[in-house]
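Peer 1: Supplied in structure tokens, the structure appears directly below.
Just so you know, all these numbers are worked out from the coordinates, no wet-lab data involved. Here the structure is a predicted model, which is why all the values come from computation and not from measurement. Quick reminder, even Gly has a Cβ in these numbers, built from the backbone with ideal geometry, and neighbours come from all protein chains shown.
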Amino acid sequence: MTDHAADGGSNHTESAQVTDESAHTAAGLAHATAEPGYLARRRAARSLAGKHVLITGASSGIGRAAAGAVAAKGAVVFLLARRGEELTAVVDEIRAAGGTAYGHSCDVTDSESVDRTVEAILDEHDHVDMLVNNAGRSIRRAVHRSTDRLHDFERTMAVNYFGAVRMTLALLPGMRERKFGHIVNISSAGVQATTPRYAAYLASKAALDKFAEVTAIEMLSDNVTFTTIHMPLVRTPMIAPSGDQGAPAESPEWAAATIVRALTDRPRRIDVPIGTLGEYGSLFAPRIKDRILHRYYRALPDSPASKGEAAPDRSPASQSPASPTPASPADPHRRSSTAGRATRTVLRRAARLVPGTYW
């Protein structure tokens with residue numbers, strides 16, 4: 001989950017990169033023909049070598065880690081983000097490691113920027129095989145603090161839903177024509193668990209989930225498939241203003257490996273235990289689930305950012321930028337959160353008993 005929309009003016013391609021791209025494609029074809037039979041065809045289908053993969057929000061966080069991981073698998077990666085300097089640094093890093101990458105400055109909330117970027121990519125590289133809709137914006141704020149902030153809901157929808165839909169619609173005609181395409185949408189485990197304080201963010205992700213489900217059904221005969229990844233909390237700059245959320249966070253590298261799996265195995269969904277537990281709770285014990293989540297909501301304080309206050313300073317020597325700030329002993333919220341700690345412990349232990357569900 002990254003707090004960037006994606007990048008429009010493309011970096012000029014170099015003949016060396018074009019040669020590398022052709023070599024990757026040739027390698028993938030050679031591997032497919034060297035081992036005849038079902039297993040060889042299956043390996044070739046799963047391989048990312050020579051595939052053209054477009055990733056939005058690729059200048060930092062999950063997108064940056066995913067771009068490097070996908071390029072390491074032999075794919076030709078197109079990185080989109082708004083921040084040109086950071087994007088260039090990621091492209092240079094991937095090329096220095098021997099990968100093939102191209103950066104394009106683009107804002108997924110702007111139709112003209114998306115159309116211009118997609119046209120430039122298709123003109124230079126003919127097609128895009130796979131799309132990773134990773135660009136996103138997260139807001140952690142209780143609804144009662146948002147009654148005069150309709151723009152919170154509009155901003156999250158603009159990036160998380162309309163931005164992803166805009167990218168999908170731009171690439172869908174080419175995928176249907178070629179009878180191949182795969183689209184990975186980065187959603188949230190909170191959609192399944194109904195995590196408090198994320199009404200704006202989770203509503204936008206839920207809308208994207210349903211869009212992907214409907215479109216996947218319609219695209220069956222065109223061989224265009226979708227994977228929705230319900231990501232847990234990931235340690236990225238986007239979560240830094242949110243403060244302590246009472247749960248451990250995964251690393252960007254873990255998230256990148258999950259995206260690689262989505263591109264190679266192409267399941268319909270990839271879930272994690274806490275999301276699956278939330279769905280089971282809604283089905284079998286909705287009132288108990290609601291009470292547990294309300295206790296969780298009451299136990300954790302609002303972050304300073306959600307209240308319009310300046311976030312406290314963090315010591316870089318003691319924690320990373322995305323780490324939650326420990327509460328001081330004088331914090332009244334933390335002194336009275338014994339029930340909250342017990343609730344979080346029960347949730348974590350129960351989550352370990354439920355395997356992630358994969359389709």
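Peer 1: Could you give the length gained on full extension between Glu177 and Leu150, defined as 0.36 nm per residue of separation minus the Cα-Cα distance, in nm? It would help to have the intermediate numbers written out before the result.
Peer 2: Details: separation 27, 0.36 × 27 = 9.72 nm, distance 3.98 nm.
Gain on extension, Glu177 to Leu150, equals 5.7 nm.
Peer 1: Now for a separate question. Just grab the label-to-label distance for Arg268 and Phe284, each label 7 Å out from Cα along the Cβ direction, in nm (one decimal).
Peer 2: Each label point lies 7 Å from its Cα, and together they span 2.1 nm.
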